[in-house]
Amino acid sequence: MSGRAAATADVAPLRALAIIAGLYAASALGTALLAAVAGSPFVPWFRDTPLLLAAMLGLLLLMGIAWDGSLVSVGLAADALQRRAGRSGDAPLGVVAMRARRFFSCGPAPVAMLLATAVAILGTSNITLLNLELLAHSTHWRDPFFWRLEGGVLERVAALPIDTAAWDRLYHSAWGIELVAAFALVVIGRGSRIVLHYCVTMIVLFYVGRLLGVLNPVMGPAFYRPEVFAYLDGSVTGDAMRMVAQVMGSPPERAMHSGGILLGGVSAMPSLHVAMVAVTAYWLARAARWTLWITAPWVALVWTSTVVLGWHYIVDGAGGIALGAACVWIAVRLLRACGAGEAGGASGIGQRWSP
């Protein structure tokens with residue numbers, strides 16, 4: 001293989017899946033060892049894992065059908081106009097040209113990689129069980145420190161007229177939008193390499209972030225001072241917080257039966273909600289810089305929603321962005337060590353990344 005061919009070669013799908021599986025296995029083994037030392041339960045497969053995978057697969061396939069169907073319709077219309085105009089050759093937006101932009105033309109590998117990543121991330125709920133065990137015996141919440149830093153600001157924010165329903169929709173749609181963003185990354189990135197970088201970064205992010213939460217457990221302002229956030233009563237966030245509080249107040253042996261999705265995390269610092277969208281925005285920008293016009297406001301709004309709804313302190317979002325940047329750095333070097341290479345920016349759809 002020539003030097004240029006080697007530089008632009010994509011990662012083989014099976015190799016990409018093997019890297020994700022290896023990272024998950026190593027992370028799960030480390031978590032199991034920590035759980036054994038702490039005496040907390042470890043669950044290799046949560047009862048809601050099949051539900052998560054089925055929902056993800058169904059949504060990805062539906063988006064793929066809708067996207068590809070729209071492209072085919074545009075292509076057929078463009079070809080028809082080309083013929084009516086008496087022009088020969090392929091239309092710029094014809095069926096042939098649109099094939100390079102279709103989702104299903106990327107093959108099954110990106111979908112398999114995203115599903116494997118979801119399983120790995122759900123596995124971090126075992127770290128939540130570890131945290132619950134330690135909080136019951138050897139550690140304590142550190143909210144008083146963060147409230148001293150930001151309490152005055154948060155009280156002024158809480159005094160503003162707030163449309164809780166609107167912020168609820170933004171905050172709780174983050175995971176759905178995340179899946180749409182991952183779909184967009186597959187379509188724009190056109191290959192396994194960029195999706196692999198995204199997947200590895202997300203796995204590293206959730207394992208490192210939740211382990212940091214074990215070292216620095218923070219409830220979040222609405223849990224610590226619920227009277228300040230009384231406007232959340234009757235909202236989706238208010239109901240969700242009651243469910244989370246119930247899990248947080250349960251022993252690990254009972255909490256694990258809540259499922260991996262509800263065991264989303266105990267600690268607010270750093271904010272994985274903000275870190276997740278920031279990491280996604282970064283990899284989308286590496287695929288196509290124009291996406292920053294959409295993702296930068298998205299990150300800012302999600303960060304704001306975490307504060308307005310009392311899930312996080314302001315500094316938690318800054319910590320999440322810093323953690324996201326660190327995890328990108330770690331993921332790139334892990335993949336370089338695995339021989340998967342670091343991706344460089346592509347200027348448009350269909351161009352492969354090169355180290």
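Each value in this text was obtained by applying a stated rule to the coordinates, not by laboratory testing. Please read these numbers as outputs of a predicted model, since none were measured by experiment. So basically every Cβ, Gly included, is an ideal-geometry build from the backbone, and we count neighbours across all protein chains shown.
Compute the Cα gyration tensor for segment 254-327, then decide on rounded, prolate or oblate, letting a ≥ b ≥ c be the square roots of its eigenvalues: rounded whenever a/c is under 1.5, prolate when a/b is larger than b/c in the other cases, and oblate in all that remain. Write down the numbers at each step before the final one.
Working: a/c = 2.22, a/b = 1.69, b/c = 1.31.
Prolate, because a/c is 1.5 or more and a/b exceeds b/c.
Need the C-alpha centroid separation for segment 166-197 versus segment 101-130, integer Å.
Segment 166-197 and segment 101-130 have Cα centres spaced 12 Å from each other.
Nearest 0.05, what FRET efficiency do Glu150 and Ile177 give at R0 = 22 Å with Cβ-Cβ as r? Could you put the intermediate results ahead of the total?
Values: r = 27 Å, r/R0 = 1.21.
Calculated value: 0.25.
What does the highest-first list of 274-283, 42-51 look like by mean Cβ count within 10 Å? Write down the numbers at each step before the final one.
Numbers: 274-283: 24.9, 42-51: 15.3.
Result, highest mean Cβ count within 10 Å first: 274-283, 42-51.
When the chain is fully extended, how far beyond the present Cα-Cα distance does Ala85 get from Glu253, taking 0.36 nm per residue of separation? Working shown, then result.
Working: separation 168, 0.36 × 168 = 60.48 nm, distance 7.08 nm.
Length gained between Ala85 and Glu253: 53.4 nm.
Hey, with R₀ at 56 Å, roughly what FRET efficiency would His140 and Leu14 work out to, going by the Cβ-Cβ distance, to 0.05? Provide the component values of the computation, followed by the final result.
Numbers: r = 46 Å, r/R0 = 0.83.
Using R0 = 56 Å, I get an efficiency of 0.75.
Could you sort the peptides 184-196, 312-324 by per-residue average Cβ neighbour count (10 Å cutoff), highest mean leading?
On the way: 184-196: 24.6, 312-324: 22.5.
So the order, starting with the most tightly packed, is 184-196, 312-324.
So for segment 290-342, what percent of the C-alpha to C-alpha distances run longer than 16 Å?
Value for segment 290-342: 57 percent of Cα pairs lie more than 16 Å apart.
Mean 1/r over all different Cα pairs, inverted: what Kirkwood radius does the chain give, in Å?
On the way: mean 1/r = 0.0458 Å⁻¹.
For the chain, the Kirkwood estimate is 21.8 Å.
222 nm [θ] for the chain, helices only, -39500 (n - 2.57) per DSSP H run of 4+, per residue, to 500?
Values: 16 runs with 243 residues, N = 355.
Calculated mean residue ellipticity at 222 nm is -22500 deg cm²/dmol.
Given N residues in segment 118-249, what is Rg(Cα) / (2.2 N^0.38 Å)? List each step's numbers first, then the result.
Numbers: Rg = 17.8 Å, N = 132, 2.2 N^0.38 = 14.1 Å.
Relative to the 2.2 N^0.38 Å estimate, segment 118-249 comes out at 1.27.
Ranked by Cβ crowding within 10 angstrom, fewest neighbours first, how are Met256, Met63 ordered? It would help to have the intermediate numbers written out before the result.
Values: Met256 23, Met63 18.
With the fewest neighbours first, Met256, Met63 line up as Met63, Met256.
Between Ser105 and Trp329, 0.36 nm times their residue separation minus their Cα-Cα distance comes to what? If you can, show how the numbers build up before the last one.
On the way: separation 224, 0.36 × 224 = 80.64 nm, distance 3.00 nm.
Taking Ser105 through Trp329 to full extension adds about 77.6 nm, to one decimal.
Taking N as the number of residues in segment 184-342, what is its alpha-carbon radius of gyration divided by 2.2 N^0.38 Å? Can you show the working numbers first?
Details: Rg = 17.2 Å, N = 159, 2.2 N^0.38 = 15.1 Å.
Here the Cα radius of gyration is 1.14 times the empirical estimate.
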